[in-house]
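Beneath this line is the structure, given in structure tokens, with notes to follow.
FYI, it's all coordinate maths here, none of it is from the lab. Please read these numbers as outputs of a predicted model, since none were measured by experiment. Positions of Cβ are generated from backbone atoms using ideal geometry, with glycine treated the same way; all protein chains shown enter the neighbour counts.
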Amino acid sequence: MSQDALRDTRFVLQQLLQAPAVLAGLPAFAEVDAELIDQVAEAAHDFAEGLLAPLNAAGDREGCRLVDGEVHAPTGFAWAWSEFVEGGWPLLACHPEDGGQGLPHVVDAVLHEAISAANPGWGMYFGILHGGYACLRAHGSDDLKARYLGDLASGKSLVTMALTEPQAGSDLGGCRTRATPRGDGSVAVEGTKIFISGGDHDLTHQIVHLVLARLPDAPAGSRGLSLFLVPKWLPDGARNAVVVERLEEKMGLHASPTCVLRFDGATGWLIGEPGRGLNAMFVMMNAARINVGLQGVGAAAAALAQAQDYAAERIQGGAPILRHAPVQRLLAHTRAWTEGGRMLALWTALRLDEAHAHPDTAERERALREASLLTPIVKALLTAQGFDSVSDALQVFGGHGYVGEWGIEQRLRDLRVSMLYEGTNEIQALDLWQRKLLPDHAQVLARLLARLLDGVDSPWTAPAAQAAERLLGGLRGAMDADTPAGLAAPAALRACGLVLLAALWARADAAAGIADADDFTRRKRATAAVYFTRLLPELEALLAQLDTLRRDPREAAGLLAQAAGLPEPAMAE
């Protein structure tokens, strides 16, 4: 996280979202004031830039090694983890009863962005630790919590999420891993899981695997899945029957071990109720997907800082390339997307905190509905746009960006997978359309946008309100025409994201206008203008897509199928 990104984070939390005032109304976080938020943000920046960033390129070059069934992380990674644990960082958002600091997710999100900007490979070891902790805390038995919860909270243990199998990717209902009761409260887990981030390593002695599997006589499909805790090391100190078959050879994130794990009758214990494994994991999903969105923001922010510095120093045609209009366009667009994405992600994290901790039940429910609606947009829009923004930053470097010495090409490789894991971006779009927009005819979205723009004193308020009206009309027209979800959802998600960012940029322009004019506030207001004049117009193309689908979904589907290579026109599934 650069100094510019740190300054912008302060603006978003303190001035735009007024997070200290919001948190003051949540009893669990009433003591989290502006000074504490600043201290955590600055310390996270210092840790990430001071310890993690210097390991990033070297970790990518060295990669991970599988030796005699054990995975070894790149040089320095285990030391950095010990420093991270010593600093109490894993405890940041954990409950005080478990030794945690009890800070809100919106503060923890700042840490995740800083790590993603500095060293995304190292960040993968840490990425779902809090989600695994929260899952066990919510659904684990007293015995499991007593045995494992404290070590997860402190970072003494790390966690994996073992879901995917060779024949079952996003369709988890096809999982075949079996869990056979042994009669003593444990089960024997047998099966193979692939794409397991941090499936083995030497950062911690213990690794806790959260494994989806089927009990005997469980029904087919996702309703037959249960969740089990399967540790690397058993309580008696023996090695559990979890075998690393191989490390995946990946496009990026070489410093993060992505493992194929084989469970050969490994001992595990049920988490939650039988057949409700996905329900037990749901507690992990919103926060995890927000953090993945922040990977896009962090990578783009780091790439922007590098490209800005390079453009100021690189001389072409007798002048720094920062004076060239094409370079200015790349940097300005990247800034508008990145700073807008930071606003959207941190606002969603704050709404998630309100959903968990607001004293009023009705407000908790409203915050949860809004956070649930925003989460797929954060995950899908910010990872896709983060990748495009890093690519634009690479373009600033010209040919120098394509070679390894500047590190931009690594950022592009490392970020690409963010559009695939935690549910592909296409699945996020379907979730938004089918579960968040259709059931109430986009009423939650409409109320949310109206509240965002209420009383905002900016020249961009009216254009944002007009965009919101156009969006809602387009969405509802497509809904009323029963447009197939698979056709409408991707355009709908991006259109929703564009309008939400418009509302946030109008608010940011107003907040910057209140402050004394300085380079930061002048640039913020200029970037708002760039967003509205250069980026928001994409909305009209997306609405035109939805209108075409509304008018004749069968013809649109048939053309799409033919162009995709199907021998006969067919409706998309």
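Annotations
- As a proxy for reagent exposure, SER222, SER82 were ordered by neighbouring Cβ count within 10 angstrom, fewest first; the result is SER82, SER222.
- 3J(HN,Hα) from dihedral phi, the stretch 16-22, Karplus parametrisation 6.51/-1.76/1.60, rounded to Hz, x for glycine, proline: 6, 8, 6, 4, x, 5, 5
- Summary of the geometry: the stretch 371-413 and the stretch 159-238, compared by the centres of their Cα atoms, lie 33 Å apart.
- Dipole of the chain [Lys/Arg +1, Asp/Glu -1 at C-beta], most positive-end residue of THR204, GLY100, VAL260: VAL260
- Phi-based couplings in Hz for the stretch 56-69 (Karplus 6.51, -1.76, 1.60; Gly and Pro marked x): 5, 5, 5, x, 5, 5, 6, x, 9, 10, 9, 10, 6, x
- Residues with amide H under 5 Å from that of ARG276, placed H, sequence gap 5 or more: LEU227
- Compared with the alpha-carbon gap, the fully stretched path from GLU313 to ALA24 is longer by 99.6 nm at 0.36 nm per residue.
- For the chain, the number of Lys pairs separated by eight or more positions or lying on different chains, with C-alpha atoms closer than 23 Å, is 7.
- The packing ranking, built from the mean of other Cβ atoms within 10 Å per residue, places the peptides 123-132, 96-105, 415-424, 26-35 in the order 123-132, 415-424, 96-105, 26-35, highest first.
- The chain: angle of helix 461-480 to the longest principal axis, Cα-based, in degrees nearest 10: 60 degrees
- Per-residue HN-Hα couplings for the stretch 430-438 [Karplus 6.51, -1.76, 1.60; θ = phi - 60°; Hz; x = Gly/Pro]: 5, 4, 4, 5, 7, 10, 10, 9, 4
- Distance from the stretch 73-116 to the stretch 313-340 (C-alpha centre basis), Å: 35 Å
- Between ALA481 and LEU66, the FRET efficiency from the beta-carbon distance, with R0 = 30 Å, is close to 0.05.
- Exposure proxy for VAL292, VAL12, VAL22: other Cβ atoms within 10 Å of each Cβ, ordered fewest to most, give VAL22, VAL12, VAL292.
- Lys, Arg +1 and Asp, Glu -1 on Cβ, resulting dipole of the chain about Cα centre, debye, nearest 20: 1020 debye
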